[in-house]
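K.L.:
What follows is a single structure, and I will ask about it in a moment.
Only the coordinates and a few stated rules stand behind these numbers; no lab work does. Since the structure is predicted, the reported quantities are computational estimates derived from the model, not experimental observations. All Cβ positions, glycine included, derive from the backbone under ideal geometry; neighbour counts span all protein chains shown.
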Amino acid sequence: MTGPDEPAALHATDLGFRYRARGDRALRDCGFTVPRGRITALVGRNGAGKSTLLHLAGGLLNPTHGRIRVLGSAPGTAAARTRVALLTQDRPLYPRFTVADTLRMGGKLNPSWDRSVAERVVREGDIAPTARVGELSPGRRTRVALALALGKRPDLLLLDEPLADLDPVVRAEIMATLMAEAAEREVSIVMSSHVLPDLEQTCDWVLLLRAGRVELSEDADALREGHTLLTGHVDEEPALREHTVVRRRTHGRQLTALVRPRGPVGGDWHVERPGLEEILLGHLQEGAAAENGEAA
Ligand SMILES: Nc1ncnc2c1ncn2[C@@H]1O[C@H](COP(=O)(O)OP(=O)(O)OP(=O)(O)O)[C@@H](O)[C@H]1O
């Protein structure tokens, strides 16, 4: 069970990273805490810094500023390496190995290896153990990489776009595998993805990056409860001044606004509770507008 005294899955203070000494900062001023036992959606537009953050958490990169901790340990240390698994976007596997060879290698490299878990993940994807990894479809390669990561029995699983390039059926299967694992062992999962509808169903924490900074690190239900979608006549807009308008759109004289109210909202509005997908999209689009110098 997770308790209040247990270290967070991820904890960052003043975290920053530059790929080159004089280059732009891929991450800056990042301070956030992701509690343990959560399934976290790591979202942000292309280039927002998601992969960089996961590489820092996985110990593949070192911060140029500040610090990050995974389950209370510095990434890359022996304590972190045994408890954290990272699935990078390039799914590093040996193409000449068969699936069975790959899992055997996983067993040799990981002291906590659980062969039955790894084999089950492969079997659920109907993948023959004799198949060569280099000849598998991208979806099946992802599944083998996931089998390696889950076979390690991690307490924290970091996944960089595990759903990219997968058809909807395989996406659903892989999500189901992840959810089953999370439920069975209370694994903390941090998963970057652009597939917002899949995140809506599964994630209970949101970490949203915009241009290298953390814009949201919040409980998903709190986000749902904290936002409201208002539709009304544009003349009602002054009533929104004292609230945070995440995104606004007009169609003729009709205004639709995604709002984080700071109290009761005056005016004559049709009020809806937005879904997580709509909230994330609103924040991502608002970011785009702000970066382009437009009014949000
Ligand atoms: N190896 C690298 N060398 C130099 N700059 C890099 C490198 N990798 C990423 N960057 C830059 O760092 C910033 C953050 O990139 P990152 O890949 O972390 O973003 P991302 O949110 O994962 O993007 P995407 O959704 O496109 O995968 C971008 O400006 C990117 O151009």
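K.L.:
Hey, what's the Kirkwood Rh for the chain if you take every pair of different alpha carbons, in angstrom? Let's see the in-between values first.
P.N.:
On the way: mean 1/r = 0.0486 Å⁻¹.
So the Kirkwood estimate lands at 20.6 Å.
K.L.:
Same structure again: First select every other residue whose beta carbon is under 9 angstrom from the beta carbon of His11; then total the charges, Lys and Arg +1, Asp and Glu -1.
P.N.:
Details: positive: Arg67, Arg69; negative: none.
Value of the local net charge: +2.
K.L.:
Now, a different point. Between Arg67 and Arg132, what is the label-point separation in nm under the 7 Å Cα-to-beta-carbon projection?
P.N.:
Spacing of the two 7 Å Cα→Cβ label points: 4.7 nm.
K.L.:
So if I place +1 on the C-beta of Lys and Arg and -1 on the C-beta of Asp and Glu, and nothing else carries charge, what would the dipole magnitude of segment 10-221 be about its Cα centre? I want it in debye, nearest 20. Intermediate results must be reported in sequence, preceding the final value.
P.N.:
On the way: 30 positive and 26 negative charges, 216 e Å.
Roughly 1040 debye, rounded to the nearest 20.
K.L.:
Please work out the C-alpha center-to-center distance from segment 172-218 to segment 54-93 and express it in whole Å.
P.N.:
17
K.L.:
For the chain, what does -39500 (n - 2.57) per DSSP helix run (n ≥ 4), summed and divided by total residues, give at 222 nm, in deg cm²/dmol to the nearest 500?
P.N.:
Details: 9 runs with 97 residues, N = 296.
That calculation yields -10000 deg cm²/dmol at 222 nm.
K.L.:
With each pseudo-label sitting 7 Å past Cα toward Cβ, what's the Ala239-Glu277 distance in nm, one decimal?
P.N.:
Simple spin-label model gives 2.9 nm for this pair.
K.L.:
For the chain, give the share of DSSP beta bridges that are antiparallel, in percent and rounded to the nearest 5; count only bridges with both residues there. Don't skip to the end; give the middle numbers.
P.N.:
Details: 35 of 52 bridges.
Counting only bridges with both partners in the chain, antiparallel ones make up about 65 percent.
K.L.:
Please compute the modelled spin-label separation between Ala74 and Arg262, points set 7 Å along Cα→Cβ, answer in nm with one decimal.
P.N.:
Between Arg262 and Ala74, the label points sit 4.2 nm apart.
K.L.:
Putting +1 on Lys and Arg Cβ atoms and -1 on Asp and Glu Cβ atoms, find which of Thr130, Leu157, Pro75 reaches farthest to the positive end of the dipole of segment 10-221.
P.N.:
Going by the charge dipole, the pick is Pro75.
K.L.:
Considering only DSSP beta bridges whose two residues both sit in segment 105-251, what percent are antiparallel, to the nearest 5? Before the final figure, lay out the partial values.
P.N.:
On the way: 6 of 11 bridges.
For segment 105-251, the DSSP antiparallel bridge percentage is about 55.
K.L.:
At 0.36 nm per residue, minus the direct Cα-Cα distance, what do Ala100 and Thr88 gain on full extension? Give it in nm, one decimal, please. The partial results should precede the final answer.
P.N.:
Working: separation 12, 0.36 × 12 = 4.32 nm, distance 2.08 nm.
Gain in length upon complete extension: 2.2 nm.
K.L.:
Determine which residues of segment 142-158 fall in the zone a paramagnetic label at Ser116 would reach in this model, i.e. backbone nitrogen under 17 Å from the point 7 Å along Cα→Cβ.
P.N.:
Residues passing the 17 Å test: 150-154.
K.L.:
Further question: If you take every residue apart from Lys108 with its C-beta less than 13 Å away from the C-beta of Lys108, what net charge results, scoring Lys and Arg +1 and Asp and Glu -1?
P.N.:
+2
K.L.:
Which Cα, out of Pro264, Leu207, Val234, lies furthest along the positive dipole direction of segment 191-274 (beta carbon charges, K/R +1, D/E -1)?
P.N.:
Final value for the positive-end residue is Val234.
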